[in-house]
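Remarks on the structure that follows.
No lab work stands behind these numbers, since they all come straight from the coordinates. All values reported here derive from a predicted model rather than from experimental measurement. Here Cβ is always computed from backbone atoms with ideal geometry, including for glycine, and neighbour counts include all displayed protein chains.
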Amino acid sequence: VQLQASGGGLVQAGGSLRLSCAASERISGIYAMGWFRQSPGKERDVVAAMSRNGVGTYYADSVRGRFTISRGNAKNTVYLQMNTLKPEDTAVYYCAATTGTYYYTRTSEYRYWGQGTQVTVSS
């Protein structure tokens, strides 16, 4: 599957953005999905993840309560709604997919990656 992330941009602290991850094929019921982010000089870390059936979700402590991962009705899109953004959320955000059942939080567990979209939050 090919993934394309979009929706990044420049936003002021406290604002919102919605990232989209469009897949080249159906992902609902087939792929577990994840959103990761990476800042310069840092590791790529999980932000949110969703199980293959869409029921199980995981959020990093730093974003829980502010970010929401969801699937679109078109069954080939995953979203990351980001609210109350903070300057420390600034990073390149990547979507990823794997054929496992559960949600996964490590980069090594994902086989397919999108190209990344830049999110910059100004203070």
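Worth a mention:
- Residues THR107 and GLN2, FRET efficiency given R0 of 22 Å [Cβ-Cβ distance, rounded to 0.05]: 0.75
- In the chain, Cα pairs under 8 Å separated by at least six residues give a relative contact order of 37 percent.
- Inter-part distance where segment 75-123 and segment 1-53 are each reduced to a Cα centre, Å: 3 Å
- Net charge of Cβ neighbours under 14 Å - reference PRO87; Lys, Arg +1; Asp, Glu -1: +1
- Taken along the Cα-to-beta-carbon direction at a fixed 7 Å, the label points for THR68 and THR84 span 1.4 nm.
- GNM top mover of VAL55, VAL78, VAL46 - the chain, alpha-carbon springs below 10 Å: VAL55
- Computed from phi, the 3J(HN,Hα) profile of segment 80-94 under the Karplus parametrisation 6.51, -1.76, 1.60 (θ = phi - 60°) reads 10, 7, 10, 10, 6, 5, 10, x, 6, 7, 4, 4, 8, 9, 10 Hz, with x in place of Gly and Pro.
- As a ratio to 2.2 N^0.38 Å, the alpha-carbon radius of gyration computed for segment 52-123 takes the value 1.16.
- For a label point 7 Å along the Cα-to-beta-carbon line of THR99, residues of segment 58-84 with backbone N under 16 Å: none
- Other residues lying with their Cβ under 14 Å from the Cβ of VAL78 contribute a combined charge of +4, Lys and Arg counting +1, Asp and Glu -1.
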